[in-house]
Each structure stands twice: as structure tokens, then as C-alpha cells.
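Since the structure comes first, as C-alpha cells, the remarks are kept for the end.
Every number in this text was worked out from the coordinates using simple rules, so none of it is lab data. Because the structure is predicted, anything quoted here is derived from the model rather than measured. Note: ideal-geometry Cβ built from the backbone for every residue, glycine included; neighbour counts use all protein chains shown.
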């Protein structure tokens with residue numbers, strides 16, 4: 001296990017009496033690509049800004065490589081940030097933008113020139129030295145912003161929704177670029193996004209946040225396949241989230257029908273939340289289904305069809321490569337491995353479960 | 001057709017906007033002093049402008065005040081805008097509102113309140129108070145210009161600089177400052193312009209001897225605007241115009257097209273392009289500032305060391321001294337005279353009372369001296385230092401006792417009587433009494449003074465009462481008499497008495513002796529008499545205010561004014577009667593020297609009395625009665 005590079009300990013932060021982060025604990029390992037994922041207002045950007053030194057926590061400590069840097073101003077921290085809206089210096093050329101941090105550190109001009117060329121090559125922007133930010137496209141500006149950050153050889157690169165302002169195609173290209181960069185540079189990335197697909201694609205570790213609490217920490221596979229609560233399940237990809245009752249180990253009742261499953265240890269006759277991914281819902285002949293329903297809508301999505309099937313009073317979201325006409329009667333079956341059982345929160349407060357270490 | 005109408009409309013608007021300035025520019029090249037006549041092209045006014053020390057000094061002061069005030073206000077205002085921007089929403093709204101109020105506030109309120117503040121803080125009014133006042137009213141304009149630019153700045157850009165290792169100050173200089181620079185420079189230019197043409201606030205906060213162009217021009221208006229002022233205004237207009245053109249015609253750095261050019265240039269030469277606009281705002285303006293400040297520092301420094309504390313601050317009526325007398329005094333004594341003028345006693349009094357400015361000698365009228373003694377604003381003159389007091393006639397000293405009972409506070413400077421001016425061609429009988437003004441023979445040929453005290457003086461004296469009476473019955477009688485006279489009166493006027501009498505438009509007029517000397521010269525048929533019942537005699541006398549900073553110099557100055565040759569010079573310049581007996585004897589023209597008008601015999605003088613200060617209640621009664629007369 002690699003050592004903790006950044007360690008946030010009991011961080012609390014509020015603005016104008018509204019609590020943004022409540023007793024947050026989180027660590028980032030060296031060389032990790034960690035993503036903070038959550039809806040807007042969940043506190044992910046605030047967490048990043050506390051790491052960067054732009055916000056001061058009301059209480060708690062920020063440790064960097066074991067040293068307390070809570071009181072250290074941003075210009076003294078060994079990390080660099082790539083901002084959502086690039087934040088390039090409009091009055092300076094691309095080269096001057098990239099040289100900014102190096103000049104402050106009084107590096108020799110020859111070294112600076114080398115670095116500029118190297119960084120521009122790294123972000124596929126060779127020869128753009130003398131352009132001005134206003135004459136660059138959004139994607140190009142973002143590349144310059146990244147180049148400007150990485151020439152300083154930070155131990156950690158903080159990225160605040162860096163691709164948020166780009167169009168879909170460019171965003172996907174940039175995702176691969178970032179992963180390539182991360183591998184070439186071998187530094188730690190802390191990445192903030194509200195786009196679950198982006199998070200799943202790029203990260204080593206995903207931290208799902210909501211309302212100032214961490215909901216789940218895990219690998220992309222963990223998060224997707226084993227969401228620990230309804231929020232995570234709902235936020236990561238499309239899901240069918242149903243009220244269920246655990247009859248006994250490996251048997252759950254959903255919509256009045258008993259489904260075999262693989263989960264154990266939830267007790268007997270306990271209400272639970274059940275998550276079934278739309279691609280795990282199998283449509284079969286009505287007589288073969290565990291329950292039957294009627295197709296109410298159909299959308300062609302390219303790789304698959306997205307359908308809604310009304311069965312036992314619930315609208316099931318189904319992804320399938322096989323077409324079923326609207327109005328046709330179908331049967332529904334679910335493989336026991338694809339049924340995810342979760343404890344029901346006892347109150348709404350508990351919906352946001354802080355995950356301690 | 002529509003096109004032509006549009007064009008005509010535009011030309012009309014441009015004409016209306018620029019006609020006044022065009023007139024001014026044309027007049028600045030007009031060799032004739034008359035505003036109505038074109039006398040040929042000349043540059044004389046420009047050359048005499050640069051030789052006129054007073055105007056150049058005022059011009060320099062204006063420029064120095066405007067530049068310093070704008071520079072300091074720009075600094076303070078920019079910092080304030082940054083602070084306000086960083087505040088919470090509520091505090092920001094409140095503070096923006098508070099800083100906007102001085103802009104909306106009436107200038108006169110601002111001027112008076114600043115003056116009062118300076119007085120309370122015991123700051124002597126002068127150059128520094130003008131500067132402080134200008135900084136105060138400039139700051140809101142800077143905030144108004146910088147704050148919106150501040151709002152447009154991207155906080156992330158500043159944070160990015162910090163993130164890259166910049167200290168907060170360096171980050172500010174490299175990221176925020178270039179963004180808000182247009183706001184700062186327009187704030188500076190606006191402040192500069194506001195300062196340049198401010199009159200009201202400057203008028204209230206300036207001290208003696210310091211004038212900006214606006215206050216200088218204002219004080220010149222009384223004497224008629226000189227063509228040099230046209231030349232100066234033309235120069236100002238043209239320079240402002242050039243500056244604006246430079247700023248507006250220069251390419252703006254922000255346009256993408258310019259940025260492209262910029263990067264191509266940078267790629268080719270390795271140097272940045274230099275922009276005209278940047279040159280003007282970034283180099284030219286600060287450069288000018290430094291040059292003007294350095295020059296001004298040397299100039300002012302030289303001047304103050306030369307004059308030092310050896311000065312005397314004189315506050316006098318407008319056009320009430322021969323300017324050569326001041327020069328001669330400075331040459332003979334080495335004392336620098338700071339000279340200020342006022343138009344009425346009522347303008348002078350509050351300035352002295354407030355103590356805003358410490359004057360060394362002032363020349364108020366009789367009743368005002370009484371009021372100032374009553375209010376303990378004057379100090380006794382040490383007559384051991386004014387030996388020339390011996391030249392002042394005893395009769396005048398005695399008459400002065402009406403307002404300065406012990407003759408310890410004042411030295412008579414000018415005096416005169418009120419009487420009847422009549423046209424000997426129209427009036428055959430000898431004029432000896434006010435009675436003639438009630439003679440229906442002269443219906444519509446009588447001119448009365450349009451002034452409450454003067455009008456009542458005529459009636460009261462005719463009735464045999466004092467001109468200072470507060471007896472209600474006597475006043476009622478006088479009022480009835482004035483109402484009875486009304487049908488006979490051609491007009492109630494002040495200055496026109498002189499011109500109408502000269503033009504033979506009336507037979508009889510109530511007038512002051514100083515004017516009578518002038519009219520007699522213009523129209524030999526006119527004669528002046530002080531009626532037997534007596535009349536008003538007035539004095540303007542020198543006094544030394546209690547807070548005079550240079551009392552000894554004041555006494556030297558007054559002693560100088562009492563010297564016969566100096567008093568004579570002033571008499572010839574002012575033409576009002578001088579109480580200086582020695583000077584009277586020096587007058588060469590026997591017609592004037594022995595004139596009963598200018599120097600009536602002691603018996604006549606003894607029949608006359610000065611107006612006393614009657615107090616606010618009595619003044620109101622007089623005014624009410626006078627209104628009854630005029631509206632009857």
C-alpha cells in the first residue's frame with residue numbers, strides 16, 4: 001500500500017451558517033487518480049479548494065506528506081490547480097502563461113524555454129508559444145492551463161471540473177489525454193466532476209459525495225456494481241431502485257414477487273432497497289417471466305434500445321439490444337447475481353452516510 | 001428627403017453643442033477687446049496670457065490640485081473598490097450606496113460642510129484644504145469606475161497566479177490590475193476633469209492668496225472677463241480634445257484581431273508591440289504628473305521661502321485699492337501681500353466669524369464694524385505703530401465714534417454722504433431740503449434709491465427723526481410719507497440714478513457723493529447737495545480681526561495706507577472721499593480739492609449720521625414696512 005500523500009482530517013466548513021462539509025475525513029495515496037464525484041453543491045469543489053489552500057477549513061487539519069499545511073497559503077503549497085474555466089492570464093501569451101510559475105521560482109531562461117516546449121508537446125500544442133488565450137479554442141485553452149500547471153512539477157495536480165466547458169467529443173478525447181498525461185508524469189491527480197461516466201472512465205478511486213458527506217469510496221467497479229446506498233446507486237448510472245422485503249437469506253420479495261438473490265445477513269422480513277441496473281433486466285416471453293408487464297415507451301440509443309416496461313405498478317427501465325414494440329406484453333427476469341440489496345436508511349438524515357476509515 | 005432632414009438635424013445638434021466653444025475660440029484671436037466687434041486676427045492675448053502672473057499661477061494651482069487630487073483619489077478609490085468587492089453582498093450594497101451619496105449631494109452642501117469640518121479641525125484654509133476637498137469628492141468617481149471592472153475580474157485567474165507561487169501582491173499586479181486598469185484610468189481622468197472645473201467646493205475651501213482658474217475667473221468677472229481668459233480656455237479645450245482623440249483612436253488591446261497581430265509580431269521579433277493607448281495612460285500621464293509636480297515643487301518652494309512668514313493678508317472690497325500701492329508696499333517693506341476681495345459686508349462677515357481664514361486686515365462698513373466689535377471679532381490697533389494716524393482728520397474720528405465709540409478698533413479709509421443730485425436746468429429753486437422730493441411739480445422726474453435703509457433715511461430725516469430709529473410710530477410716519485411720495489417717483493433704482501441723471505432723464509435723484517463727483521464731470525448741469533435736515537454719512541474703515549496672524553505687519557500696512565502720498569493715490573483710483581486731510585491738501589485739481597461734494601464742510605458732516613446695526617428684529621420691521629411701501 002502506497003503512503004498517504006494528502007490527508008484531510010475532520011474537516012468542517014460552512015458559509016453564512018450553511019454547512020458545506022461536516023467532519024470530513026479523506027486521504028489520497030501517492031500516484032493515485034482520485035475523483036471527487038457528486039451533484040453540484042455536494043462540497044466536492046470546496047474539498048478541492050481546501051486542498052489548494054483557497055479556502056480555510058473552520059476546523060480540522062490538512063496534512064501533506066505527513067506535515068500540517070492547514071495554515072500554508074496557496075503559493076507555498078506543492079500542488080497546482082487546473083481551474084474549470086481555465087483561468088489563463090489574458091494579457092500574456094501562451095509561453096508567458098506557462099513560464100509564470102517558473103519565473104517566480106527564478107529558473108534560468110534556457111530551462112524555462114525547454115520546459116515550455118516540453119509541456120506544449122506533452123499537451124499536443126507544439127508551436128503555440130506566441131498565441132494569446134483569446135485566440136485559442138476551449139480545448140486548446142484547457143491544454144495550456146494543464147501545461148501551465150505541470151511545468152512546475154507539482155506532486156499533486158488538482159483539477160476542478162476541467163472538462164466541464166467542453167463539448168462531448170472533445171471531452172472524451174481530453175479524458176484519454178489526461179489519463180496518458182497522468183501515466184507519463186507519474187503524479188497524483190485529484191479530479192472533481194459531476195459526470196459519473198468521466199469518473200468511471202478515468203479514476204483509480206472514486207469518492208461519491210452528497211450534502212457534505214462522503215457516501216462511498218471505492219474503485220469504479222465497486223461503486224458501479226456494489227453501491228452502498230440508494231443515492232450512490234441512483235447517481236452512478238441509471239438504475240431501477242425498488243422497495244423490497246428480505247424474506248430470508250438469498251430470497252427477496254419485490255412488488256409481491258419472490259426473487260432469488262445472492263445476498264445474506266440482512267435478517268428476516270426486513271424492508272430493504274433493491275437496485276437492478278437496466279441492462280440486467282432481461283425481457284423474455286410473458287410465460288417465461290418472473291413477472292409480466294407491457295412496454296410503454298421505446299427510445300433508440302445507438303448501442304441499445306431504452307424501454308420502459310410497466311409491471312406490477314412499477315416502471316422498469318430496461319436496456320436491451322432486442323427491440324420490443326410499444327404495447328407488446330413481455331416477461332421480466334433478473335439473474336440473482338444482478339440483484340443488489342441495500343439497507344434502508346431509518347431516517348432521511350441517514351441517507352447521507354459518512355464513511356469513516 | 002429623409003436623408004437631408006437627418007443630416008440637417010445632426011448639423012443643428014452639433015452646432016448647438018459647439019457654437020459656444022467656437023465663439024470662444026474666435027474671440028481668443030480677436031484683436032478688439034469688444035465682444036461684439038471683430039478687430040482682426042491677433043495672438044496678443046496668448047502672449048499676454050503667458051505674461052500674466054496671476055492667471056498663470058492660478059492655472060498652475062488648478063493643474064497641481066487636479067493632478068494630485070486625482071492621483072491620490074485614484075489610489076484610495078481603487079483600494080476602496082477592491083475592499084468593497086471583497087465584502088458580502090449586503091455590506092457591498094450598503095457601502096456602494098454610501099460612497100455614491102457625495103456624488104449626488106449638492107455641491108454647495110459639500111463645500112460648506114467641508115469648510116465647517118476644516119474649521120472645527122482647525123486646519124487653516126489654503127492649498128491643502130482645496131486638495132483635501134478635491135480628493136474627497138474625487139474618490140466616489142474612482143470607485144464608480146473601478147467597481148464594475150472589479151466585478152468583471154475572474155477570481156480564478158487571481159487564484160491561478162497564487163497557485164503558481166505568486167505572492168498575493170504579485171498576483172494582484174499581474175492579474176487583477178491589468179483587468180481593472182481601464183477603470184482606474186477612466187476614474188483618474190474623470191477625477192482630473194471634475195477637479196479641473198470645480199468651482200463651488202473650491203470657493204468654500206480655499207484660503208486667501210490661493211486661486212484655481214475657476215475662482216480666479218469668477219473674481220475677474222466683476223472687472224469684465226479679459227480676452228486672456230478666452231485664450232486660456234481655448235488652450236484647455238484643445239488639450240482635452242487632443243487627449244481624448246489620442247485615447248479613442250489608439251487600437252484597443254482587447255480585440256482578437258489585435259491579439260493576432262500581437263502574436264505575429266511577437267513571433268517575428270521577440271518583442272511586444274507598444275500601444276499608443278498604453279503609451280498615453282501608462283507613460284505619458286504619469287510622466288506629465290512627475291514633470292508638473294517637480295516643477296511645481298521647485299516653484300512653490302521658491303515662492304514660500306522668499307515670502308516666508310513675512311506677509312500680510314488683506315481682505316478688501318473689490319476695486320478698492322490702487323494695485324500700484326500694493327506693489328510699492330511690498331518693495332518698500334519686503335512684506336508679501338496676500339490680497340483677497342469681497343463684494344458685500346454680508347459675504348465678508350461669516351468668513352471672519354467662522355474663523356475659517358485668518359486675515360490681518362479687513363475693510364468693513366460702519367454698521368458692520370459695530371457688529372464685529374459687539375461680537376468680539378476685532379482687536380485694538382496699537383496706534384504707536386501707526387503714527388500716520390495723525391493725517392486722518394479729527395472730524396472723521398469723531399464721526400466714527402458712532403460705530404467705534406473709543407476709536408480704538410478702526411482707521412477710516414473712505415467715506416461719503418447721501419444727498420440730492422439735481423439738474424440745474426430743470427430745477428430753478430435752491431435745493432436745501434428733502435422736502436423738494438415731495439413737490440408735485442417734479443412728478444415723474446424723481447429717482448429714489450431702491451434700498452430700505454436709504455429710502456427710510458430720506459423720509460425719517462425729512463421728519464426730523466434719526467435714521468436709526470426703532471420707534472414704531474416714527475417708522476409708521478416715515479412709511480406713510482414714502483407711500484405719499486410714490487406717485488411722484490419715476491423709479492426706485494440703484495446704479496441707474498447715475499446714468500439717468502447724466503442723460504437728463506430726471507430732475508432729482510437720491511445719490512451718494514462718490515457717484516456725484518463722477519456725474520458732475522460728465523454733465524456740468526448736475527449739482528449735489530446734502531439737505532439741511534441732515535443725511536447719512538458712511539465710512540469704510542480698516543480693522544484688525546482678533547485672529548490676525550501678522551498683527552505687526554497689518555499695522556505697518558495700515559500706517560502705509562495713511563501716508564499722504566499713498567492715500568492720494570488711492571483717492572485718485574477709487575474716487576471716494578478720503579478722510580486723510582494731508583492727502584486732501586495734496587490734490588492738485590482745485591475743483592476737486594475744494595469740492596463741497598467730495599469734502600463737505602464740518603457743519604454739513606455734523607448734521608449727518610452713520611447707519612447703526614439695529615439687530616435682526618428691527619431689520620425685519622424695516623423690511624416689512626418697505627414692502628408695504630413698494631406694494632401699495
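Protection proxy ranking for B:607-617, A:295-305, using the average of other Cβ atoms within 10 Å per residue and placing the highest first: B:607-617, A:295-305.
By the helix-only formula, in which each DSSP H run with n ≥ 4 contributes -39500 (n - 2.57) and the sum is divided by residues, chain B has a 222 nm mean residue ellipticity of -18500 deg cm²/dmol.
Between the beta carbons of residue B:94 and residue A:294, assuming R0 = 56 Å, the FRET efficiency works out to 0.35 to the nearest 0.05. Counts of other chain beta carbons within 10 angstrom of each beta carbon in peptide B:151-162 average 6. Report note on the peptides A:214-222, B:63-71: ranked by the mean count of other C-beta atoms within 10 Å, highest first, their order is B:63-71, A:214-222.
A Gaussian network model of chain A, with springs between Cα atoms under 10 Å, assigns the largest mean-square fluctuation among A:170, A:317, A:36 to A:170. For the stretch A:99-118 versus the stretch B:34-74, the inter-centroid distance based on Cα atoms is 54 Å. Summed over all non-identical Cα pairs, the Kirkwood treatment of chain B gives a radius of 29.4 Å. Ranked by the mean number of other Cβ atoms within 10 Å per residue, highest first, peptides B:358-364, B:392-398 order as B:358-364, B:392-398. Rounded to the nearest 0.05, the FRET efficiency derived from the C-beta distance between residue B:623 and residue B:1 at R0 = 51 Å is 0.25. Computed over the alpha-carbon pairs of the stretch A:162-307, the distance histogram in 5 Å steps reads 2, 7, 13, 16, 16, 15, 12, 8, 7, 4, 1, 0 percent, short to long. Distance from the alpha carbon centroid of the stretch A:1-78 to that of the stretch B:550-565 works out to 82 angstrom. When the P(r) of the stretch A:4-225 is calculated, the portion above 34 Å amounts to 13% of the C-alpha pairs. Taking the number of Cβ atoms within 10 Å of each Cβ as an exposure proxy, the fewest-first ranking of B:483, A:206 is B:483, A:206. Provide the FRET efficiency to the nearest 0.05 for the residue A:304-residue A:25 pair, computing r from the beta carbons and using R0 = 45 Å. Calculated value: 0.70. The simple spin-label model puts a point 7 Å past each Cα toward its Cβ; for residue A:63 and residue B:424 those points are separated by 11.9 nm.
Taking 0.692 mPa s as the viscosity and 37 °C as the temperature, the Stokes-Einstein diffusion coefficient of the protein assembly as shown based on its alpha-carbon Kirkwood radius rounds to 87 µm²/s.
Working from Cα pairs under 8 Å separated by at least six residues, relative contact order for the stretch A:238-351 is 28 percent.
Ignore the peptide's own chain and count Cβ atoms of other chains within 10 Å of each Cβ in A:98-111; give me the average, rounded. Please list the in-between numbers first.
Values: counts 1, 1, 9, 6, 2, 3, 8, 2, 0, 0, 0, 0, 0, 0.
Per residue, the average neighbour count from other chains is 2.
Here each label is just a point 7 Å from Cα along the line to Cβ, and for residue B:112 and residue B:240 those points are 2.8 nm apart. Once fully extended, how much extra length lies between residue B:376 and residue B:218, figured as 0.36 nm per residue of separation less the alpha-carbon to alpha-carbon distance? Going from the current span to full extension adds 53.7 nm.
For the residues A:234, A:263, A:16, a GNM of chain A with alpha-carbon springs under 10 Å puts the largest fluctuation on A:16.
A full extension of the chain between residue B:197 and residue B:51 corresponds to an added length of 50.3 nm, given 0.36 nm per residue minus the alpha carbon distance.
Counting Cβ atoms of other protein chains within 10 Å of each residue's Cβ and taking the mean over peptide A:71-77 gives 4. Model label sites at residue B:101 and residue A:250, defined 7 Å from Cα along the beta-carbon direction, differ in position by 8.1 nm. Between A:210, A:130, A:25, the Gaussian network model of chain A with springs among Cα atoms under 10 angstrom shows the greatest mean-square fluctuation at A:130. Short to long, the 10 Å bins of the Cα pair-distance histogram for the stretch B:2-42 hold 29, 31, 24, 14, 2 percent of all pairs. From least to most packed, judged by other beta carbons within 10 angstrom and beginning with the fewest, B:175, B:469, B:327 follow the order B:327, B:469, B:175.
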